[in-house]
Amino acid sequence: MAESTSEAEPVLLDVSGLNCPMPLLKAKKALNGMAAGALLRVIATDPASARDFEVFSQQSGNALLDSKHADGRFEYLLRKKG
């Protein structure tokens, strides 16, 4: 598990090939097992995941620190609330 400091390396969750709602559900499950302040980097290929992670961040209080899209690959960096 990642430490709860800002310098900790993010936990990597690769959900490539999974379609909505699975990328978000797997990210939620991973965040539930992490300490407050821990970082989670998610890699997805589902275009719908961009909107899903933006809304999830707003509604859950988990910070979406970064969101990238290149070559059919979407990357998100989340910090667990707390």
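With an 8 Å cut-off on Cα pairs and a minimum separation of 6 or more residues, tell me the relative contact order of the range 12-82 in percent.
Taking the mean separation of contacting Cα pairs over the length of the range 12-82, I get 36 percent.
What number, rounded to the nearest 500 deg cm²/dmol, is the helix-based mean residue ellipticity at 222 nm of the chain, given -39500 (n - 2.57) per DSSP H run of at least four residues and division by all its residues?
Details: 2 runs with 23 residues, N = 82.
Calculated mean residue ellipticity at 222 nm is -8500 deg cm²/dmol.
Any chance you could run the full-extension gain for ALA35 through ALA63? It's 0.36 nm times the residue separation minus the Cα-Cα distance, nm to one decimal.
That works out to 8.7 nm of additional length.
If you fit an axis through the alpha-carbon atoms of helix 22-32 and take the longest principal axis of the Cα set of the chain, what angle between them do you get, 0 to 90°, nearest 10?
Its long axis makes an angle of about 0 degrees.
How large is the direction-averaged shadow of the alpha-carbon convex hull of the chain, in nm²?
4.7 nm²
Label GLU9 and LEU25 with points 7 Å out from Cα along Cα→Cβ: what is the distance between them in nm?
3.0 nm
What does the accessible area per residue of the chain come to in Å², with a 1.4 Å probe and no ligands, DNA or RNA counted?
Averaged over the residues of the chain, the accessible area is 59 Å².
Given 0.36 nm per residue, what is the gain on full extension from ARG51 to ASP71 after removing their alpha carbon distance, in nm?
Value of the extension gain: 5.4 nm.
The values are calculated or read from the model by the stated rules, or taken from the named source; none is laboratory data. Just so it is clear, the structure is predicted and the values come from calculations on it, not from any experiment. Here Cβ is always computed from backbone atoms with ideal geometry, including for glycine, and neighbour counts include all displayed protein chains. Ligands, DNA and RNA are stripped out before the accessible areas are found, and what is left, the full protein with its side chains, is counted by its heavy atoms. Shrake-Rupley method; radii C 1.70, N 1.55, O 1.52, S 1.80 Å.
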